[in-house]
1. Return yes when B:Q83 is touching a residue at least 24 places away in the same chain (Cβ under 8 Å), polar (S, T, N, Q), open to solvent by 50 Å² or more (accessible area, probe 1.4 Å) and part of a helix (DSSP H, G or I) and no when it is not.
2. Report every pair of residues separated by at least 6 positions or lying on different chains whose Cβ atoms are under 7 Å apart, first residue within segment B:134-153 and part of a loop (DSSP other than H, G, I, E, B), second open to solvent by 50 Å² or more (accessible area, probe 1.4 Å).
3. Taking segment A:47-92 as the region of interest, how many residues are farther than 16 Å from B:R271 by Cβ and within 12 Å of chain B (Cβ to nearest Cβ)?
4. Looking at (1) in contact (Cβ under 8 Å) with a residue 40 or more places away in the chain; (2) of a type outside the set (A, V, I, L, M); (3) more than 29 Å from A:R14 (Cα to Cα); (4) surrounded by fewer than 19 Cβ atoms within 10 Å (Cβ to Cβ), can you tell me which one A:T126 breaks?
5. Quick one: would you say A:L164 is surrounded by 22 or more Cβ atoms within 10 Å (Cβ to Cβ), at negative phi and either of a type in the set (S, T, Y) or at pLDDT 90 or above (or both)?
6. Step by step: first the residues of segment A:229-253, then only those that are within 16 Å of the chain's Cα centre (by Cα) and among the polar types (S, T, N, Q), then the one that is least open to solvent (accessible area, probe 1.4 Å). Which residue is that?
7. Tell me yes or no: at least one residue of segment B:35-46 is modelled with pLDDT of 95 or more, open to solvent by 20 Å² or more (accessible area, probe 1.4 Å) and within 14 Å of another protein chain (Cβ to nearest Cβ).
8. Going by the structure shown, is A:D67 surrounded by fewer than 24 Cβ atoms within 10 Å (Cβ to Cβ), of a type outside the set (S, T, Y), without any contact (Cβ under 8 Å) to a residue 24 or more places away in the chain and not assigned by TED's automatic domain parsing to the domain that holds A:L274?
2 protein chains.
Amino acid sequence: MNLPAFEDVDSAARQIAGVAHRTLVATSRTVDARTGATVFFKCENLQRGGAFKFRGAYNALSRLTADERRRGVVTFSSGNHAQAIALAGQVLNIPRVIVMPSDAPSVKRVATEGYGGEVVLYDRDTEDREAIGRRLARDRGLTLIPPYDHPHIIAGQGTAARELIEEVGALDFLFAPCGGGGLLSGSAIAARAMAPGCMVIGVEPAAGDDAVRSFRTKTLQTVKNPKTVADGARTPSLGSLTFPLVLQYVSDMTSVDDPTLLETMFYLWERLKLVVEPTGALGAAAALDGSFPIRGKRVGIILSGGNVDLAQLPEWIGRR
Amino acid sequence: MNLPAFEDVDSAARQIAGVAHRTLVATSRTVDARTGATVFFKCENLQRGGAFKFRGAYNALSRLTADERRRGVVTFSSGNHAQAIALAGQVLNIPRVIVMPSDAPSVKRVATEGYGGEVVLYDRDTEDREAIGRRLARDRGLTLIPPYDHPHIIAGQGTAARELIEEVGALDFLFAPCGGGGLLSGSAIAARAMAPGCMVIGVEPAAGDDAVRSFRTKTLQTVKNPKTVADGARTPSLGSLTFPLVLQYVSDMTSVDDPTLLETMFYLWERLKLVVEPTGALGAAAALDGSFPIRGKRVGIILSGGNVDLAQLPEWIGRR
């Protein structure tokens, strides 16, 4: 098993340069006053496709052979990776089939189709998306690009933290959301190399805290279709690459309940004027909840995405 | 009457440098594809205090004499100018009294008090905020800093367009919201000097289209407490400085109805991931509605503010 390393993140940074956005690093005097820390928000909600996922998707797709490109790719995703593969495939002119759950936020499905991806829906409760993806790959000669457990995906996702530390300098803490662990492990690889003293904290929704339990027990734990507003972090478990990477590079893991997550998300909307989706606010929620000693420290927070379905707002407002 | 000129905008730019944010210029391939234009959004929702108003407020307050600073200032505002004066006064350690309508969005009132401003409420339907402001100025020796009809305010507001054109180069169109005309006239002064061929378009809410009518008739028109979601543009009329400036420098004026405005605002939230308030979306609404020949052109749009009260969201979603 070849785990990606910092040189792969460096290589990914060169691969995506000029295609992915080098996203804004936002600061807020209000947040700094509230926390006593110096906080830097890496705004991956402003990334192409509305989430960090474009980094890994483009890194992976742009490294395919001419023959693989011609035949096309298939992936499975609850949303943002789907959009990212659809968009990266559009940029690179690669046919792409996206296996999405039938209950994915409609805004993510519409955006995926808008980028020209062929969408295949499945029932999250009764069907296995990986099996569907593998079958499509076999039957149609497509290359399977999984959402996180892939070296080029992980290395690509690590470029966000790489840019952040390159821009603002060393950090004492770095908070990143954790679904399947692609962003988290990529971020941790980058932080370890560029800011060795940085504590990297992975954050999950409380209802889907499999990675927290895997981290604590050092044994892979799973969760089945957790009910949480963090639709990007409903993944069943860490992967065969991301689990060892998380164990090796991540300093700690924590979880956040949905009301706290929504409260934080709306706080970011109101104070930073940035639309962040629930999953995208996981890192901020953990950083702001007072359970880590960030006072006086330099803190990076990855706002991982901003693809919200505004139709859900009234419900979210009621639940916070 | 001394109308501000481009040299005053230049001077304001130096005055606010390092204190006001040099805000992000956002672009969107989706918006460009929709319009056929190359669109640059100047993100004043990311300005300190959540709106462009900090530019003028800091420019004005920082030019007061030591004696004037010691005695303090008073202003009247529906919201964003109030916050900006409160914040600029905090930065400069100047006492400040803010006369706000009792029905101003609570988020703006809370933020104003949070910045340490003394808030005096008045009834929009029965009281005259200017008279209250003048009385407070006289009784307490305060300097009155009106929200738009003041050379330093206008020059300060012009620095947003100045930065935009400095960063992206000449524009063919520049769309700016119009309430009392401070932002619009400042923007137009900057555009005329830096991009003489640029068409500067002022945009009002349809229910409060006094400036459109003033522009067409060349006679000052007024409106009384118009009902519109664009709470930052409910001003009764252009001012004694902004009216001649608008006539001299602005190319055209137009108005947008509330449903279109809300539709545009949410479009900006969803596609740009930026929280823009209704007033802040006026320029974008006019640029996107197809009534100006922007196809193939380079278009600047000032997103003037992002101070929304999320409690209003369910109502807004229902009305769009």
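1. Numbers: touching a residue at least 24 places away in the same chain (Cβ under 8 Å): yes; polar (S, T, N, Q): yes; open to solvent by 50 Å² or more (accessible area, probe 1.4 Å): no; part of a helix (DSSP H, G or I): yes.
The answer is no for B:Q83.
2. Every condition considered, the pairs that remain are B:G141/B:R71; B:L142/B:R71; B:D149/B:S240.
3. So the answer is 2.
4. The single condition A:T126 does not satisfy is (1).
5. Yes.
6. By that ranking, first place goes to A:T242.
7. yes
8. Yes.
The values are calculated or read from the model by the stated rules, or taken from the named source; none is laboratory data. Since the model is a prediction, treat every value here as computed from it, not as a measurement. Counting neighbours? That spans all protein chains shown, and the Cβs are built from the backbone with ideal geometry, glycine included. We work out accessible area using only protein heavy atoms, side chains counted, and drop any ligands, DNA or RNA first. Shrake-Rupley method; radii C 1.70, N 1.55, O 1.52, S 1.80 Å.
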